[in-house]
Amino acid sequence: MKYLEFRNKDKMPILGLGTWKSNTGQVYEAVREAIRLGYRHVDCAAAYGNEAEIGQAFSDAFAGGDVKREELWVTSKLWNADHEPRDVRPALEKSLEALKLDYLDLYLMHWPVALRPEVSLPEKPEDFRSLDEVPISATWKAMEACLEAKLTRHIGVSNFNIGKLEELIKTAGIQPEINQVELHPFLRQKKLVAYCRSKGILLTAYSPLGSSDRPERMKATDEPALLEHPVIREVAEANEVTPGQVLIGWSINRGIAVIPKSTNKDRLKENFAASTLTLNKDEIERIGRLDQKYRFINGSLWTMEGSPYEPADLWDD
Ligand code: A2P
C-alpha cells in the first residue's frame, strides 16, 4: 500500500473505503469485511448518517483483534449546519462518540457553505447562512482548537476551490493539509491539483467511480458513464483488471488518495487489489485526456434560487 505523508510524517493509506451512500444495515458488514481485506483508511462524515454503525464495526474489529486503533486512519467531516465556531467541537465530539473513538486522524470542513443549525439539507433560502455571517476563517479557527485539543490529528477541507483555499491560507494559523474533492478522468481538476501541489496540500478524490448509486434527484438524465468509457475499458483489458480498478489505479498512480465506496464483498476485494496496479505513462495520459469538466456532484443544492451561494463560490470553472 502506498501512503500520503502529512507534514508531521504521519502516513495516510492512499486507498480508503468511502462510506457516503453506504446504507445502515449494510455498512457494518462492509467495514468489517474491508478491515479483514486489509483496508486501513475509512472515510466518514456526520452527514452520511451512518457513523454509529461504522463505530460499532470499528469497536468489534478492535475487540476481535482484526486491527489496532493506531493502524487505522479515520476521517470525518464537519457538517455545514455546524460552522458556528461554538458548534464545531461538539460536532466533532458527536462524531467521535458515534464512531466510538477518542480521536480522529483527520477532520475536514465538508463544504465552504454554512447552513442554519439543525438543517441537514436546505429546502429554502432561509436555511442558509452567508459566509459573511459565519466566516470560514472563524470555523477554521475552531477546527484548529480541536487539533490543539488532540481530538483530531489533522485538519483539512473538502470541496474547496482555489479562491476559497487562498482566502483560508491567508488567515489560517494552521494550514489545511488536505482538500477532498471530486476527481476522476471526466473531472481532472488540473488547475486545482497544480495549486494544491504548489501549496503542499494533499488531495483525496471522491466519487472516483462516478457515484452511480447517488439519489436520482442528484443525477442528470444524460450523465456520461465513467465505468463504461471505451478508453477505460481498453486500459482495463490491457492490464487484465476491471474498469473500476483502472479508475482507482489512475488516482493512486498520480499520488492522489482515493475512496471508492462499496458495500459489496467482491467489489471491496476488487477495489482493494487496485492498490497495487501500475499504469504506464501513456495509459495515465490517455485517461487524462478524457477530461470533460463533468461534475457528478454539481453542488446545485447549495446554489438554489435565493441562496447566498453561487456556483463561482464553489467551483473554479
Ligand atoms: P456497490 O456498493 O454495490 O459495490 P463512488 O465510489 O464513485 O461513489 O461509486 C460507488 C458506486 O460504485 C456504488 O454504486 C458501488 O456499488 C459501485 N462500485 C464500487 N466498486 C465498483 C467496481 N469495482 N466496479 C463497478 N462498480 C463499483
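The table below lists the values:
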{"quantity": "Residue match in segment 160-180 (condition: within 13 Å of the ligand (Cβ to nearest atom) and touching a residue at least 24 places away in the same chain (Cβ under 8 Å))", "calculated": "yes"}
{"quantity": "Flag if residue 178 is open to solvent by 10 Å² or more (accessible area, probe 1.4 Å), out of contact with any Cys (no Cβ under 7 Å at 6 or more places or on another chain), over 24 Å from residue 225 (Cβ atoms) and of a type outside the set (Phe, Trp, Tyr)", "calculated": "no"}
{"quantity": "Scope segment 250-266; condition over 18 Å from residue 205 (Cα atoms) and buried (at least 16 other Cβ atoms within 10 Å of the Cβ); matching residues", "calculated": "263"}
{"quantity": "Of residues in segment 192-230 being over 27 Å from residue 3 (Cβ atoms) and charged (D, E, K, R), the one farthest from the ligand (Cβ to nearest atom)", "calculated": "222"}
{"quantity": "The listed residue being of a type in the set (Lys, Arg), over 21 Å from residue 259 (Cβ atoms) and either open to solvent by 50 Å² or more (accessible area, probe 1.4 Å) or not in a loop (DSSP other than H, G, I, E, B) (or both), out of 141, 77", "calculated": "141"}
{"quantity": "Single unsatisfied condition, residue 284 versus (1) near the ligand (Cβ under 9 Å from one of its atoms); (2) among the β-branched types (Val, Ile, Thr); (3) over 21 Å from the mean Cα position of the chain (by Cα)", "calculated": "(1)"}
{"quantity": "Pick from segment 80-103, criterion of a type in the set (A, V, I, L, M) and either assigned to a helix (DSSP H, G or I) or without any contact (Cβ under 8 Å) to a residue 40 or more places away in the chain (or both), ranking: nearest to residue 141 (Cα to Cα)", "calculated": "88"}
{"quantity": "Condition check for residue 212: modelled with pLDDT under 95, under 17 Å from the mean Cα position of the chain (by Cα) and on the phi < 0 side of the Ramachandran plot", "calculated": "yes"}
{"quantity": "Residue in segment 100-120 that is under 28 Å from residue 55 (Cβ atoms), of a type in the set (Val, Ile, Thr) and surrounded by fewer than 20 Cβ atoms within 10 Å (Cβ to Cβ) present", "calculated": "yes"}
{"quantity": "Residues (under 13 Å from residue 18 (Cα atoms) and β-branched (Val, Ile, Thr)) located in segment 40-78", "calculated": "42, 54, 74, 75"}
{"quantity": "Those residues of segment 164-219 which are within 25 Å of residue 141 (Cβ to Cβ) and among the polar types (S, T, N, Q), in sequence order", "calculated": "171, 175, 179, 180, 198, 204"}
{"quantity": "Residue check for residue 183: buried (at least 20 other Cβ atoms within 10 Å of the Cβ) and touching a residue at least 60 places away in the same chain (Cβ under 8 Å)", "calculated": "yes"}
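Condition check ((1) open to solvent by 50 Å² or more (accessible area, probe 1.4 Å); (2) within 15 Å of the ligand (Cβ to nearest atom)) across all residues:
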position: 232; (1), (2): no, yes
position: 240; (1), (2): yes, yes
position: 248; (1), (2): no, yes
position: 269; (1), (2): yes, yes
position: 279; (1), (2): no, no
position: 293; (1), (2): yes, no
position: 296; (1), (2): no, yes
position: 302; (1), (2): no, no
position: 315; (1), (2): no, no
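The values are calculated or read from the model by the stated rules, or taken from the named source; none is laboratory data. In this text, all values refer to a predicted model and were calculated from it rather than measured experimentally. As a convention, Cβ positions derive from the backbone with ideal geometry for all residues, glycine included, and neighbour counts pool all protein chains shown. Surface accessibility is based on the protein's heavy atoms, side chains included, excluding ligands, DNA and RNA. Shrake-Rupley method; radii C 1.70, N 1.55, O 1.52, S 1.80 Å.
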